[in-house]
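Quick note: the coordinates plus some simple rules give every number you see, no bench work behind them. None of the values given here were measured: they were computed from a predicted structure. Here the Cβ positions follow ideal geometry from the backbone for every residue, glycine too, while neighbour counts run over all protein chains shown.
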Amino acid sequence: MKALTFFFELSLALCSSLLLSSCQLSDAPPQAVSPNHQKTLKVMTPDWGIAATLTAMGYPPVAMGDKPFYKEWVGKPLIPDTTLDVGARYQPNPEMFSQLDLDLVIDNAFYAHLRPMYGDLPIYSIELTSSNKIAKWEDFIEPTLQLGRSIDKVQAAQDYLTNSKKQIIQAGQTFQTRYPHIKKLAVVQFADTNNLRMFSYNSLFQPALQMMGLQLVALADGNEWGFTPIMLGDLAQLDDDTCLVVVEPLSDLLKLELEDSLVWQRLGYFFDQEQSYSNKGRCLTLLPATWSNSGVASMNVLADRLTHVTFVGNTDL
Amino acid sequence: MIHKNNLLSTNRIYMMVVFLLLLAGLSSYAVVHQLWHLNFLELFTPSFELPLSDMSIQLRILPTMLVALTCGGLLGLVSVLLQQLVKNTLASDTTLAVGSGANMALLIVTLFLPNLALGGNFWVAFVGALGSMALVFLLAAPSRMNPLVLVLGGLVTNILLGAITALLLIYYAEETLNVMVWAAGSLTQNNWQVSAVLMIASVVAFIVLMPLLKPLEIMSLDDRQAKSLGVPINLIRGLVIGVVALLTALVVSRVGPISFIGLGAATLVNVFSVRRIGYRLLLGYVFGALLLWITSNATTLLQQYLSLNIPADAMTAILGAPLVIWLIVSQSRQHTEEVIPTLVSERRDTHLMGWGVALMLLTVGVLIFTVTSNGWQLSTIGHLIVDFRLPRTLSAAATGIMLATAGVLLQTLTRNPMASPEVLGISSGSAIGVVLSFIFLPSFGYTGIVLSGLLGAFIVLSLILWLARRINPGYLLLVGVAIAALMGGLLSLVKISGDQRLQAVLSWLSGSTYLASPETAWILIGLAFILLLLSFMVIKPLEILSLGSGIARELGVSLRLYQSLILILVALLSTISTLAVGPLSFIGLMIPHLASTLGAVNLKRQLQLSAILGAGLMVIADWMGRYLIFPYEIPAGTIAAIIGGTYFLYLMRRIKD
């Protein structure tokens with residue numbers, strides 16, 4: 001009897017879900033739209049940086065990892081709706097992956113453990129980072145071209161590099177007409193009220209700012225991801241003529257907690273323009289989420305965002 | 001004689017306090033030496049007179065230590081109060097789920113009502129703390145607050161709330177930025193506010209408790225007697241519960257969840273068998289304060305050394321759990337035979353065939369009814385089933401069978417309805433073995449991992465069995481809780497270490513069948529069946545053993561041989577399932593009870609039905625985990641804990657004494 005009831009319940013559940021599924025079936029399988037008439041290779045990448053760079057070149061991947069979170073942490077360039085989400089970056093859904101129609105996979109060493117999943121597909125591994133202690137623009141040329149070669153679009157990669165360089169330098173000029181006195185920037189991201197990451201000279205912020213005619217200031221050399229962990233109080237070591245760039249996301253709760261922090265109060269930074277003005281606050285800006293691992297694409301976004309952000313506090317340094 | 005004993009114990013208490021003070025002093029010296037570069041006395045200069053960088057270091061030393069002291073003290077106080085209230089030496093803010101209730105309430109408010117900016121709000125935490133306490137007390141009410149039932153209720157509530165938290169964090173991963181801020185459980189301060197609030201709270205708490213001491217003392221003897229002496233029992237109880245909820249909520253909302261300090265402090269107080277309530281409360285505060293102070297210093301030093309941001313909660317578990325285990329072991333002589341409550345169940349026809357058929361249909365159903373890139377549909381594409389769905393479904397079923405079997409064996413052997421590989425910490429022991437072998441013996445590969453997993457399970461199991469004859473069954477559970485907490489702490493250290501290799505372990509131990517492959521799945525299900533068959537062969541001796549050692553000896557059963565055999569069997573079952581999907585799943589605790597409430601009262605029937613039900617629950621949990629938020633995943637262990645936990649709480653109303 002029990003078993004029968006159970007079976008009945010089970011089939012009921014199956015049927016009801018089937019009804020639900022019919023609604024979802026209506027949005028037909030999306031297809032990647034090629035911006036070019038010649039054959040575009042269908043790429044899947046678990047990595048945000050590669051997805052961002054491919055998209056910026058005009059050839060977005062057909063599938064990528066952690067797509068919803070890309071919006072919060074990387075933001076630009078916008079990934080088209082046609083790009084499918086294969087689930088968590090570090091653990092993509094193998095069942096979903098096997099249903100994709102792909103030509104190749106592009107990854108980096110961070111995702112090496114996933115390679116058995118790709119089967120016979122060709123795999124390109126490209127690191128969009130600089131291995132030098134002080135990163136230069138030149139360090140990023142080769143990996144970007146490599147990315148272009150992997151999808152048979154070397155020319156697009158070349159054009160992208162040329163345009164990007166032009167745009168970043170142009171953005172630097174725009175920035176300097178707007179804030180002629182700001183020369184030195186320190187870039188940080190909050191982990192919690194006491195702990196921050198400070199991006200250092202081996203990060204892509206270094207060449208990007210350099211091309212914009214600005215100077216990156218860091219308190220220590222960066223680790224392999226380009227940052228050094230610091231405590232809030234360490235910000236006191238920054239000179240007065242250095243502006244603080246806080247990379248978002250920064251939660252509202254964290255802002256509230258910072259306002260309660262004696263250290264933050266004494267540092268003399270304010271997020272709010274009026275408050276900062278009336279208290280003669282130090283120079284600071286909030287930078288919308290900019291991923292620090294997307295090579296040239298990140299530099300582009302950084303340059304563009306810096307020309308649009310508003311610095312609060314003393315900008316006549 | 002009595003006088004002399006008291007004197008002795010007073011001396012021992014002083015020695016303990018002095019020892020802890022010494023430890024705290026030394027570690028504080030190390031912290032100051034490590035961080036502070038000015039003259040020692042300058043550490044006490046008013047903050048605003050110090051240069052900014054020195055001030056920030058001062059704040060990391062002084063108010064941080066004050067917060068540790070007061071937080072630990074309050075949690076110790078709360079736990080002693082709770083123990084007094086329910087007359088149960090296992091009660092604490094952790095074991096009765098007070099802290100996790102407060103935490104859960106904060107999480108929900110932060111996730112769903114972000115505009116109210118109530119994250120870290122004290123009143124929200126208060127409501128949560130009251131809510132979870134009420135739930136636990138309601139569960140224990142039918143058994144007239146039987147100590148074991150009460151702690152079991154707390155335990156299950158903890159697991160359930162933990163699983164729901166994990167689920168919410170996965171499901172609302174985009175909105176959890178706020179959550180990460182206050183749930184960090186960091187004691188590090190950057191102002192004096194929190195320490196001031198907690199100090200005031202400590203003073204107020206003691207003042208408020210003053211007039212309650214006398215009635216509490218009378219109530220600790222006998223309720224009826226207390227009533228006849230004119231003590232308003234219910235009023236006092238309500239007041240105490242209110243104080244407990246307020247103080248716990250304060251701690252959780254200001255610094256995040258801090259486990260084990262309260263329990264450790266209260267257990268220390270019990271070890272010294274202090275009688276007078278006022279003295280107990282004071283000692284509880286002192287012990288809690290010293291324990292968390294030492295832990296906080298250790299965290300700061302380790303943080304400096306590893307340059308990692310270590311949550312205090314991980315450290316309290318890593319340092320507190322061994323303390324609790326040690327205290328229990330050192331107490332092992334006080335064994336009292338206790339009446340163990342059981343679920344009321346009656347022998348009925350178990351419809352084994354029906355359940356078996358249902359399991360088959362279920363398995364086929366989950367294999368073909370899934371989400372694809374086009375949404376929910378019936379999908380019968382052969383290679384998808386064979387390559388992806390079947391291995392995971394089989395692995396889930398195999399772990400279900402193994403854990404349920406281990407649960408039945410353990411519950412019968414220890415005659416403890418709350419025994420299971422997860423609850424007694426056997427799975428955690430095996431997971432600790434795995435993590436340690438990954439860190440220290442990476443060159444041994446899979447053999448090393450399996451062997452150290454087995455070794456871990458076996459050590460815990462032997463400890464449990466050794467203790468089982470010496471301490472109350474309730475304490476046994478506590479050992480399990482401590483080992484599980486130790487594992488949790490270890491895993492969170494692994495998580496923040498950022499080591500790639502170790503991240504793989506973490507995802508392995510997350511309770512998911514993600515890593516199941518077509519090759520391993522068949523081996524796993526084969527092993528599950530072999531071990532299940534072996535269990536049937538020990539039914540007879542197990543039944544005799546479960547009658548108690550006296551009867552078994554009279555019947556001439558070679559006790560040790562069979563006991564060892566069953567132990568090895570349980571170790572194998574727990575280790576293999578831990579290696580397959582990780583340590584958290586709840587199946588072993590719950591399924592045997594479910595089987596017996598469905599009428600499988602005799603051991604053979606219980607084993608059979610448990611295997612089927614365990615497999616079924618895991619198959620469903622795994623299927624839901626894979627497809628509910630496709631292409632993302634929820635670990636099967638999390639879903640099994642939510643389904644299982646809810647059902648178990650429902651069942652618990654039927655526990656009578």
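Okay, here's what the table says:
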| read-out | value |
| --- | --- |
| All-pairs alpha carbon distance profile, the stretch A:43-126, 5 Å steps from 0, percent | 3, 16, 31, 28, 16, 6, 0 |
| Approximate spin-label separation B:F48-B:S564, in nm, with each point projected 7 Å along Cα-to-Cβ | 7.3 nm |
| Estimated dipole of the protein assembly as shown in Debye, rounded to 20 [Cβ of Lys and Arg +1, of Asp and Glu -1, Cα centre] | 2980 debye |
| Average Cα contact separation per residue, chain A, under 8 Å, 6 or more apart, as relative contact order % | 17 percent |
| Fraction of antiparallel bridges per DSSP, chain A only, in percent to nearest 5 | 35 percent |
| Cα principal axis extents for chain B, largest first, Å | 74, 60, 47 |
| DSSP beta bridges in the stretch A:43-126 [antiparallel fraction, %, rounded to 5] | 10 percent |
| For A:L287, residues with placed amide H under 5 Å, excluding near neighbours | A:V246, A:V247, A:E248 |
| Interchain or long-range residues, amide H under 5 Å from A:S125's placed H | A:D107 |
| Volume of the Cα convex hull of the stretch B:239-304, divided per residue and given in Å³ | 90 Å³ |
| Phi to ³J(HN,Hα) by Karplus 6.51 cos²θ - 1.76 cosθ + 1.60 over the stretch B:648-653, Hz, x for Gly, Pro | 5, 4, 5, 5, 4, 4 |
| Semi-axes of the equivalent ellipsoid for chain A, Cα gyration tensor, largest first, Å | 40, 27, 17 |
| For the stretch B:355-656, alpha-carbon Rg relative to the globular expectation (2.2 N^0.38 Å, N residues) | 0.99 |
| Derived scalar couplings ³J(HN,Hα) [the stretch B:141-157; Karplus, 6.51 cos²θ - 1.76 cosθ + 1.60; whole Hz; x for Gly, Pro] | 4, x, 8, 6, 6, 3, x, 5, 4, 4, 5, 4, x, x, 4, 5, 4 |
| Candidate lysines - alpha carbon under 24 Å from A:K71, same-chain residues fewer than 8 apart omitted | A:K42, A:K255 |
| Summed side-chain charge close to B:L216 - residues other than B:L216 whose Cβ falls under 15 Å, Lys, Arg +1, Asp, Glu -1 | +4 |
| Largest to smallest principal axis extent of the C-alpha atoms in the stretch A:158-308, angstrom | 50, 34, 26 |
| Within straight-line cross-link reach of B:K87, lysines at Cα separation under 27 Å, skipping those fewer than 8 residues along the same chain | B:K4, B:K214, B:K227, B:K656 |
| Overall Cα dimensions of the protein assembly as shown, principal axis frame, Å, largest first | 92, 74, 49 |
| Pairwise centroid distance, computed over Cα atoms, of the stretch A:40-112 with the stretch B:273-329, Å | 46 Å |
| Net charge of neighbours whose Cβ lies under 12 Å from the Cβ of B:Q83, counting Lys and Arg as +1 and Asp and Glu as -1 | +1 |
| Alpha carbon Rg of the stretch B:2-330, scaled by the compact-globule rule 2.2 N^0.38 Å | 1.01 |
